[in-house]
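The values are calculated or read from the model by the stated rules, or taken from the named source; none is laboratory data. Keep in mind it's a predicted model, so treat the numbers as computed, not measured. Note that we place each Cβ from the backbone using ideal geometry, even for glycine, and neighbour counts take in every protein chain shown.
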Amino acid sequence: MNLDISFGQYCEGNSILHRMDPRAKIIAAIMYIVAVFLAKNLYAFALLLLSAIFLIAVSGIPLRIVLKSMKPLVIILLFTAVINIFWMEGETLLVSLGFIQIYLEGIINAILIAVRIIILLVGTTIFMTFTTTPIALTDGLEQLLSPLKKIGLPVHEFSMMMTIALRFIPTLTEETQKIMNAQKARGADFSTGSLLQRAKALVPILVPLFVSAFRRADELATAMECRCYTGGDGRTRMNVLHAGAMDYVFCILVIALGAGILVLNQFGGYMLSW
Amino acid sequence: MGKIIEVKDLTFAYPTEDGEAARNALEHVNLSIEEGSFVAILGHNGSGKSTLAKMMSLVLVPDSGAVIIRGKNMSADDVTDEDVLKARRDVGMVFQNPDNQIVATIVEEDVAFGVENLGIPSEKIRHRVDEALRLVGMTKYARHMSHKLSGGQKQRVAIAGVIAMRRKCIIFDESTAMLDPVGRKEVMDTIVRLNREEGITVLHITHYMNEAMHADRVVVMDQGKVFMDGTPEEVFSQPEKLWDIRLDVPQTTELLYLLKQNGLNVRTDIFEPAECAAEIAEAMKRMTDVRGK
Amino acid sequence: MYQIELKNVSFVYGAGEPYEIRALDNINLHLGGSVMTGFMGHTGSGKSTLVQLLNGILKPTSGQVLLDGKDIWEDPKKIRDIRFRVGVVMQYPEYQLFDETVRDDIAFGPKNMGLSKEEIEQRVIDAVHFAGLDESLLDKSPFELSGGQKRRAALAGVIAMRPEILVLDEPAAGLDPGGRREILGRIREFQRSSGTSVIIVSHSMEDMAMYCDRIIVMSAGKVAMDGTCSEVFGRYNELLDVGLDVPQITYVADELRKHGIDIGADIYTVKYAASQILSKIGGRQI
């Protein structure tokens with residue numbers, strides 16, 4: 001079993017995108033998602049594709065890494081492509097084999113939807129996970145949501161929880177590996193047997209892991225209390241987020257992209273059906 | 001110099017699940033810690049030394065007796081959360097497990113955590129964090145991931161977190177127990193320097209005798225009571241007493257003690273190997289001189 | 001007389017990646033025999049990696065680990081049998097306790113071996129005695145035990161498999177002096193009475209000097225020294241070079257030499273040092 005979880009695939013760098021305010025990046029990412037769904041025809045898609053290439057270029061992240069992150073998507077892409085190709089009916093019949101009928105529209109639709117999914121992922125990962133540390137994301141989210149504190153939502157608590165979870169993921173991953181090795185040394189077998197047997201084999205890992213996680217939580221709570229933590233009220237931050245000119249520029253660019261897509265949609269041509 | 005922490009007639013028993021009366025973890029303990037001093041508290045596991053530390057850092061509340069921090073009785077009935085918070089600004093704590101006290105993923109953000117809780121303006125936090133990291137020699141690691149550091153480095157980050165809050169006193173609750181020799185030395189060097197150069201009061205709880213040798217005063221705990229209290233020289237020159245309660249003495253002291261028992265007239269209150277050797281050489285010379293005559 | 005042989009063993013973490021780390025570099029060693037062998041070295045010297053190679057938790061990147069002359073990876077499906085023969089107690093082993101009772105937890109290893117019920121019960125009782133635990137604790141939950149008792153219960157869990165070779169990674173870590181002496185003394189006694197070959201990994205020079213017959217010093221993934229205690233501690237300047245500390249008493253002996261008193265270079269226990277000094281002045285032997 002391999003436990004090398006690469007959570008959030010932050011990719012170190014010092015590009016404009018890396019230096020952007022996380023709040024701006026979250027907003028930009030959301031608007032980018034909207035823009036992607038607005039695109040309906042080939043012209044709009046061409047513009048989207050250009051924007052994705054632009055983002056990758058600006059972020060300075062090697063194309064190889066971006067493509068690698070798409071790997072898990074292959075199955076979803078194939079699945080949607082198959083559905084579109086075989087089930088969509090259109091005007092131009094290309095192949096007819098008994099009950100299987102493939103139309104040109106089906107193929108175009110399949111390609112466009114695949115492109116849409118890919119661009120969606122490229123846009124959000126470049127803005128968020130690739131160029132923003134999980135901590136910065138949490139900080140950004142906390143500040144964006146802070147108006148909700150007024151209506152009693154525990155925004156600070158939520159963000160503190162996220163921060164601690166992110167901090168402890170590597171620690172607990174390492175611990176899991178250690179416990180697994182210790183039980184393996186006593187002859188535990190995790191890889192053979194029926195499903196039930198395998199599930200049972202996890203007990204010797206999960207029990208110590210939970211015991212240890214609770215102990216850690218307890219000790220951490222005491223340590224935080226000793227460091228005068230009393231919740232979010234009256235707390236100040238060392239790193240205050242500053243939105244700079246670049247942040248506004250990027251948000252405006254994304255809005256412009258959306259507007260451009262709406263305009264291009266008017267030029268007609270083949271329209272994506274959904 | 002004033003007293004930063006005093007405990008008076010402290011008694012405490014951990015509550016048991018079935019409601020039975022448990023053995024007292026602390027029994028009528030009296031102790032006062034001078035400001036600026038370096039006190040080592042020794043004892044085997046279960047001697048009550050860690051319980052005492054948790055009392056002094058207000059994590060636990062005594063069954064009877066009082067914990068007094070800078071003259072304020074923290075065990076009185078009218079103590080508010082506000083008072084506790086104020087006392088905690090003076091007395092900080094570094095725990096045993098380095099992993100379970102680091103809150104943030106990035107080193108400098110963890111050091112900032114405590115200062116942020118005090119509600120200090122951002123620029124001042126920055127300044128304090130940088131200064132604290134410099135004092136523990138971790139400036140180079142400010143932007144590193146905390147979980148990738150060695151044990152000794154993690155403990156130094158925890159220490160930086162405490163000094164960034166400008167506390168006058170730090171309690172180390174077996175902070176070296178889980179470290180390898182290199183890590184232990186890093187942390188001990190840092191502790192000694194903070195005490196000597198920055199005047200920070202240090203309470204070091206440990207079962208490593210070699211670490212207690214740096215202290216001005218050694219308090220030995222056994223069965224919830226103060227068993228011995230004195231300078232390291234006074235305490236370690238009585239090895240039988242320490243062996244009785246399952247503790248060790250430094251090897252140098254043990255050697256001198258064995259030699260003395262067997263007729264070589266040496267002092268037994270020396271820890272430094274060089275001084276120890278000099279003392280033995282001199283005693284041997286005296287002995288052969290006497291025989292020569 | 002040796003059971004384990006390491007032949008040109010290397011181990012690389014993250015092999016082929018840009019940040020690969022060579023933890024072990026072409027190690028050749030014979031281990032085993034009815035002795036206590038100590039592995040020393042500072043963090044990152046490769047000693048913990050080596051432990052995990054001995055029972056097939058890790059597989060060498062190159063080279064072979066031979067048990068009684070047979071490559072343990074000859075049939076990867078049978079690696080479990082190797083783990084029953086080479087018992088490994090990990091660092092802070094109390095965190096591996098999981099079962100409802102101490103008895104069941106100690107029986108986990110023997111159960112995985114597929115032994116009969118009676119055999120398992122017998123082994124659990126024997127193991128508990130070796131580890132110095134009271135039988136009355138057997139029906140308690142392992143989580144109710146004290147720290148030292150937990151450590152010993154975990155040790156019993158490995159001893160109960162009756163391994164031919166028992167490997168312990170820092171068995172005394174985090175214990176107070178009394179607890180250290182207790183657990184190391186138990187292990188030494190187990191080694192003597194059962195004739196099992198025991199391998200201990202530790203940072204503590206003082207402990208190693210007290211309990212081991214043979215000491216292997218690791219440095220930067222290689223074997224730096226291999227010999228008896230007096231051979232290894234006699235070369236104490238080299239120990240300092242590889243970043244290890246030597247027992248305080250060794251320093252004292254060195255300082256005495258500067259005063260013209262030579263009590264030998266192989267000083268590593270206090271008693272021996274004292275008797276050497278006393279013999280110089282014609283005093284009583286101790």
- Message: Suppose we keep only residues that are among the small types (Gly, Ala, Ser) and on the phi > 0 side of the Ramachandran plot within segment C:42-95. Which one would you say is modelled with the lowest pLDDT?
- Response: C:Gly44
- Just wondering, is there one or more residues in segment A:215-226 that are over 30 Å from B:Asp81 (Cα atoms), more than 8 Å from every other protein chain (Cβ to nearest Cβ) and not hydrophobic (A, V, I, L, M, F, W, C)? no
- Check segment A:128-137 and report whether any residue there is among the aliphatic types (A, V, I, L, M), crowded, with 16+ Cβ neighbours inside 10 Å and farther than 30 Å from A:Arg64 by Cα. no
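Conditions (1) among the basic types (Lys, Arg); (2) within 14 Å of chain C (Cβ to nearest Cβ); (3) surrounded by 17 or more Cβ atoms within 10 Å (Cβ to Cβ); (4) touching a Cys at 6+ places or on another chain (Cβ under 8 Å), marked per residue:
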site	(1), (2), (3), (4)
A:Ser146	no, no, no, no
A:Lys150	yes, no, no, no
A:Arg198	yes, no, no, no
A:Phe210	no, yes, no, no
A:Cys228	no, no, yes, no
A:Gly244	no, no, no, no
A:Ile252	no, no, no, no
A:Ile255	no, no, no, no
- Of those in segment B:243-277 that are more than 7 Å from every other protein chain (Cβ to nearest Cβ), under 30 Å from the mean Cα position of the chain (by Cα) and part of a helix (DSSP H, G or I), the residue nearest to C:Gln276 (Cα to Cα) is B:Leu256
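This table checks each residue for (1) crowded, with 18+ Cβ neighbours inside 10 Å; (2) more than 28 Å from C:Asp245 (Cβ to Cβ); (3) without any contact (Cβ under 8 Å) to a residue 60 or more places away in the chain; (4) not acidic (Asp, Glu).
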site	(1), (2), (3), (4)
C:Tyr13	no, no, yes, yes
C:Tyr19	no, yes, yes, yes
C:Ala23	yes, no, no, yes
C:Leu31	yes, no, no, yes
C:Met40	yes, no, no, yes
C:Leu54	yes, no, no, yes
C:Leu67	yes, yes, no, yes
- Task: Read through the list (1) modelled with pLDDT of 90 or more; (2) buried (at least 20 other Cβ atoms within 10 Å of the Cβ), then give the number of the only condition that B:Met284 fails.
- Result: (1)
- Query: If you go through segment C:223-234 one residue at a time, how many are surrounded by fewer than 16 Cβ atoms within 10 Å (Cβ to Cβ), in contact with a strand residue (DSSP E or B) (Cβ under 7 Å, 6 or more places away or on another chain) and either over 15 Å from C:Met36 (Cβ atoms) or of a type in the set (S, T, N, Q) (or both)?
  - Reply: 1
- Message: Kindly evaluate C:Val201 against the criterion of being touching a residue at least 60 places away in the same chain (Cβ under 8 Å), surrounded by 21 or more Cβ atoms within 10 Å (Cβ to Cβ) and within 20 Å of B:Arg184 (Cα to Cα).
- Response: yes
- So B:Arg143 clears everything in (1) modelled with pLDDT of 90 or more; (2) outside any helix (DSSP H, G or I); (3) over 25 Å from B:Val39 (Cα atoms) except one condition, right? Which one? (1)
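Yes/no per residue for (1) modelled with pLDDT under 95; (2) closer than 30 Å to B:Met284 by Cβ:
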site	(1), (2)
B:Gly183	yes, no
B:Glu198	yes, no
B:Val219	no, no
B:Ser237	yes, yes
B:Lys241	yes, yes
- Given the residues C:Asp169, C:Asp241, C:Asp226, which is the only one that is acidic (Asp, Glu) and over 25 Å from C:Gly87 (Cβ atoms)? C:Asp241
- Item | Some residue of segment B:164-180 being assigned to a helix (DSSP H, G or I) and either within 14 Å of chain A (Cβ to nearest Cβ) or not aliphatic (A, V, I, L, M) (or both) | no
- Query: If you take the residues of segment A:54-65 that are β-branched (Val, Ile, Thr) and modelled with pLDDT of 85 or more, which of them is surrounded by the fewest Cβ atoms within 10 Å (Cβ to Cβ)?
  - Reply: A:Val58
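Give the residue, chosen from A:Thr163, A:Thr171, that is under 25 Å from B:Asn117 (Cα atoms), crowded, with 18+ Cβ neighbours inside 10 Å, under 29 Å from the mean Cα position of the chain (by Cα) and among the polar types (S, T, N, Q). Talk me through it step by step, then tell me what you get.
Working: A:Thr171 fails: crowded, with 18+ Cβ neighbours inside 10 Å.
Unique residue meeting the criteria: A:Thr163.
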- May I ask you to list the residues in segment B:54-95 that are over 18 Å from B:Ile171 (Cβ atoms), assigned to a loop (DSSP other than H, G, I, E, B) and touching a strand residue (DSSP E or B) at 6+ places or on another chain (Cβ under 6 Å)? B:Asp63
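Have a look at A:Thr129, A:Thr176, A:Thr163, A:Thr192 and point out the one that is within 14 Å of chain C (Cβ to nearest Cβ) and part of a helix (DSSP H, G or I).
A:Thr176
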- Residue set B:Glu254, B:Glu197, B:Glu234, B:Glu275; condition more than 30 Å from B:Tyr14 (Cα to Cα) and in contact (Cβ under 8 Å) with a residue 24 or more places away in the chain; output residue B:Glu234
- Note on the structure: Scanning segment B:134-158 residue by residue, those among the aliphatic types (A, V, I, L, M), within 14 Å of another protein chain (Cβ to nearest Cβ) and surrounded by fewer than 23 Cβ atoms within 10 Å (Cβ to Cβ) turn out to be B:Ala142, B:Met145, B:Leu149
- Task: With a cut-off of at least 1 residues that are within 10 Å of another protein chain (Cβ to nearest Cβ), name the helices (runs of 4 or more DSSP H) lying wholly within segment C:176-286.
- Result: C:177-194, C:205-211, C:248-258, C:270-280
- Query: Applying the selection to segment B:229-285, what residues are within 20 Å of B:Asn45 (Cα to Cα) and touching a Gly at 6+ places or on another chain (Cβ under 6 Å)?
  - Reply: B:Arg246
- Only residues in segment C:107-125 that are facing chain A (nearest Cβ under 10 Å) and under 10 Å from C:Arg162 (Cβ atoms) count as the first member; pair them with residues that are part of a helix (DSSP H, G or I) and hydrophobic (A, V, I, L, M, F, W, C), Cβ under 8 angstrom, at least 6 apart or cross-chain, and list the lot. C:Gly109/C:Phe84; C:Gly109/C:Val158; C:Pro110/C:Ile120; C:Pro110/C:Val124; C:Met113/C:Phe84
- The listed residue being touching a residue at least 40 places away in the same chain (Cβ under 8 Å) and part of a loop (DSSP other than H, G, I, E, B), out of B:Gly161, B:Gly137: B:Gly137
- Test each condition in (1) within 14 Å of chain B (Cβ to nearest Cβ); (2) buried (at least 21 other Cβ atoms within 10 Å of the Cβ); (3) under 15 Å from the mean Cα position of the chain (by Cα) for C:Leu166 and report the one that comes out false. (1)
- Message: Against the condition on the phi > 0 side of the Ramachandran plot, within 21 Å of the chain's Cα centre (by Cα), away from chain C (no Cβ under 14 Å) and buried (at least 21 other Cβ atoms within 10 Å of the Cβ), how does B:Gly199 come out, does it pass?
- Response: no
- Query: Do we find that B:Asn45 is more than 14 Å from chain A (Cβ to nearest Cβ), assigned to a loop (DSSP other than H, G, I, E, B), closer than 16 Å to B:Val226 by Cα and in contact with a strand residue (DSSP E or B) (Cβ under 8 Å, 6 or more places away or on another chain) in this structure?
  - Reply: no
